[in-house]
Amino acid sequence: MKQDVFLVLAIVVGLTAAALLTRWNDEHRQDLNAQFTEDQLYLNGPAMKRFTLAFNGVAADWYWIKSLQYVGRKIVNYEDTHAGKFDLASLSSLDLRLLPSLLRMTTTLDPQFLEPYYYGALVLPDLNPDEAISLLNHGIAANPDKWRLYQHLGYVYWQRGDYQKASEVYAAGSTIPDAPPWLLAMSSRMKAEGGANQAAREMYTHLIEASDDPTVGEMVAKQLMRLDSMEERDKIRQILTEYATRTGRCATTWREISPALRADGLRVDAAGLPLDPKSVPYRLINNGCDVDLDEHSEVPHR
């Protein structure tokens, strides 16, 4: 009987405390979110792992959700203060100082949770390449049989221009039993081509094939558009140079070279203006001697 009474009392006290905590949390939610957005974590990953004991997986899920919410709040705030849609290709414009710690916490609590590694590989290089490399090396140490981790690490090294290291990582990943043949091919391509456009195009194509995440798809699609635009602008520059050599002056309007643009397979509208991959006209710069994207184009400038 006494045990039953104590059990009932414990349940009542627990429910009362939970209700009071929930009410307090609702009243202070905005302040807590703002503080969480900017403050560094008080506990590191190993300490939190000991603290959560048997609930490491649940804690990892919580930190993963907080990581996504953290980035989401930053994007919403950016859009509210800049009166426009945020470009996923420009994550460096966000102040995401806490993201590396959140991802590290998540993967320390659950080293076999792969999504945070993949997410960090795409987001962190623009913010802190060393953090991205550290996160992925941690992932490979905990999951040596996952070839996609090698793919993402090679991508990070490629982004920072370390083509030799990227080649070595792809070669290491290609030795995993279920790794696709193109990993070894990418290792050779890194040595031969490095940062060439075709190597970049193949890199992005494999990234989008290996992920079902629509955010990844959007980011990669923008980078492929950027590559298309770079190749188009190279063709236009060649035409502008040939025109200047032939006439002794640079073009003053697109109409002067529109026949040559069409002949080279470039898209040109009815007014003779060449169009970028988002169908926005390119603009003449440097007094008609060069070309650039329009400032309002959705094609990434870098």
Item to complete: Taking residue 243 as the residue in question, decide whether it is surrounded by 12 or more Cβ atoms within 10 Å (Cβ to Cβ), within 30 Å of residue 161 (Cα to Cα) and of a type in the set (Phe, Trp, Tyr).
Response: no
Item to complete: Might you check whether a residue that is closer than 23 Å to residue 198 by Cα and under 36 Å from the mean Cα position of the chain (by Cα) occurs anywhere in region 238-253?
Response: yes
Worksheet, complete the sentence: Scanning region 170-217 for residues that are under 16 Å from the mean Cα position of the chain (by Cα) and part of a loop (DSSP other than H, G, I, E, B) gives 210, 211, 212, 213
Worksheet item: What do you reckon, is residue 117 part of a helix (DSSP H, G or I) and without any contact (Cβ under 8 Å) to a residue 40 or more places away in the chain?
Response: yes
Item to complete: Answer yes if at least one residue in region 144-161 is farther than 20 Å from residue 126 by Cβ and among the hydrophobic types (A, V, I, L, M, F, W, C), and no otherwise.
Response: yes
Practice prompt. Given the conditions (1) within 20 Å of residue 300 (Cα to Cα); (2) surrounded by fewer than 16 Cβ atoms within 10 Å (Cβ to Cβ); (3) not basic (Lys, Arg), report the number of the one that residue 137 does not fulfil.
Written response: (1)
Fill in: Residue in region 74-94 that is modelled with pLDDT under 90, buried (at least 20 other Cβ atoms within 10 Å of the Cβ) and of a type outside the set (Phe, Trp, Tyr) present
yes
Practice prompt. List every residue pair whose Cβ atoms lie under 7 Å apart, where the two residues are 6 or more positions apart in sequence or sit on different chains, the first residue falls within region 235-263 and is within 16 Å of residue 286 (Cβ to Cβ), and the second residue, located anywhere, is of a type in the set (Phe, Trp, Tyr) and surrounded by 12 or more Cβ atoms within 10 Å (Cβ to Cβ).
Written response: 236/282; 251/243; 256/243; 257/243
Response to the item:
When region 254-273 is checked residue by residue, the ones that are of a type in the set (Gly, Ala, Ser) and either more than 30 Å from residue 195 (Cα to Cα) or in a helix (DSSP H, G or I) (or both) are 258, 260, 263, 270, 271, 272
Fill in: Filtered residues of region 152-169 (kept if touching a Gly at 6+ places or on another chain (Cβ under 6 Å), surrounded by 22 or more Cβ atoms within 10 Å (Cβ to Cβ) and either modelled with pLDDT under 95 or not in a helix (DSSP H, G or I) (or both))
166
Worksheet, complete the sentence: Looking across region 95-113 at residues that are surrounded by fewer than 19 Cβ atoms within 10 Å (Cβ to Cβ) and of a type in the set (D, E, K, R), the single one that is modelled with the lowest pLDDT is 95
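The values are calculated or read from the model by the stated rules, or taken from the named source; none is laboratory data. Note that the structure is predicted; figures quoted are calculated from it, not measured. Don't worry about glycine lacking a Cβ; one is built from the backbone with ideal geometry, like all the others, and counts go over all protein chains shown.
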